[in-house]
Number of protein chains: 2
Amino acid sequence: MPDIGDLRTRCVLPIGTVIQLTDLTARQIRYYEAQDLVHPERTAGNHRMYSLNHVDTLLEIKGQLADGFSLADIKQLMHPRHHEPNSDEEVRQMLRDELMNQSRLNQGSKLQQGFGFRP
Amino acid sequence: MPDIGDLRTRCVLPIGTVIQLTDLTARQIRYYEAQDLVHPERTAGNHRMYSLNHVDTLLEIKGQLADGFSLADIKQLMHPRHHEPNSDEEVRQMLRDELMNQSRLNQGSKLQQGFGFRP
DNA sequence: GATAGATGTTAGGTTAAGTCACATTCACCG
DNA sequence: CGGTGAATGTGACTTAACCTAACATCTATC
């Protein structure tokens, strides 16, 4: 009787399923992995297997990308290095503020532009 | 943004995953399907895809088999035909009584032997 | 207009899964 | 005992899904 409870973290989904669930392409999913943003397991035959948490992460990434962040930015946001140019606090807050993701129509990486309003 | 909520019913698991989750063989899983006990979806390429509910069903089947029921029995238990030789009530109860699945060391189909104790 | 980031696309190779047929095991029954 | 049916194993062969790697494309920035 295997534990079915830890399904959130169990890698049971092949990439095809993840594609459906996230509406990302295989190329994108693999690229994000190459950028160290997701770390699926592998089957004995080297096929990627994802958990539901992985899917959530991918959806987060998708959202952040749509909000104008670069993959490098997102990596920082997810694995906060201590005390970088942009104070972690602000950055953290930005993450939570995903609620107000209206102004997704900018260009360039948000982290390079700073967040403050300087008129 | 696809609905991730209905994961219980969404067919996202390939048979390989189901094998791991249930500890059944592909042969068994396919056979139970042939006996009309599970009905996975199919991908465009004809590969079976299962939901978590399907996995539960398979685990139920596995349990009932271990308890001495035949697949035909189990089919009856799952899709109760009205008013058969064995009163549905008794049968239903047997299902719930899976708690006490001690006496799995019998032979033959339970449904053919009747449940009553006649000394 | 060269560069870097993100993604598309194609080619070639391997694994996972599909069907189908035949073999096996075992309890049952005349 | 020999035959039968239910459940499962196994092998052959085919196809879908996935893998890596390389090269192309698009776009924003310098």
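Some observations on this one:
- Scanning region B:31-45 for residues that are more than 14 Å from every other protein chain (Cβ to nearest Cβ), open to solvent by 70 Å² or more (accessible area, probe 1.4 Å) and within 9 Å of DNA strand D (Cβ to nearest atom) gives B:Tyr31, B:Ala34.
- Residues located in region B:13-30, provided they are among the polar types (S, T, N, Q) and surrounded by 12 or more Cβ atoms within 10 Å (Cβ to Cβ): B:Thr17, B:Gln20, B:Thr22, B:Gln28
- For B:Arg10, the requirement of being over 15 Å from the mean Cα position of the chain (by Cα), within 22 Å of A:Arg48 (Cα to Cα), open to solvent by 40 Å² or more (accessible area, probe 1.4 Å) and more than 10 Å from every other protein chain (Cβ to nearest Cβ) is not met.
- Extreme residue, farthest from A:Asp6 (Cα to Cα), among residues of region A:26-54 that are touching a strand residue (DSSP E or B) at 6+ places or on another chain (Cβ under 7 Å) and not polar (S, T, N, Q): A:His47
- Looking across region A:46-69 at every residue that is surrounded by fewer than 20 Cβ atoms within 10 Å (Cβ to Cβ) and near DNA strand D (Cβ under 8 Å from one of its atoms), the one that is nearest to the chain's Cα centre (by Cα) is identified as A:His47.
- Residues being within 14 Å of another protein chain (Cβ to nearest Cβ) and assigned to a loop (DSSP other than H, G, I, E, B) - total across region A:13-30: 2
- Taking first residues from region A:1-30 that are at pLDDT 95 or above and partners that are open to solvent by less than 30 Å² (accessible area, probe 1.4 Å) and small (Gly, Ala, Ser), the Cβ contacts under 8 Å between residues at least 6 apart in sequence or on separate chains come to A:Thr9/A:Ser51; A:Arg10/A:Ser51; A:Cys11/A:Ser51; A:Val12/A:Ser51; A:Leu13/A:Ser51; A:Ile15/A:Ala26; A:Ile19/A:Ala26.
The values are calculated or read from the model by the stated rules, or taken from the named source; none is laboratory data. Just so we're clear, the structure is a prediction, and the values are computed from it rather than from any experiment. Note: ideal-geometry Cβ built from the backbone for every residue, glycine included; neighbour counts use all protein chains shown. Quick note on the areas: whole protein, heavy atoms, side chains included, nothing else; ligands and nucleic acids left out. Shrake-Rupley method; radii C 1.70, N 1.55, O 1.52, S 1.80 Å.
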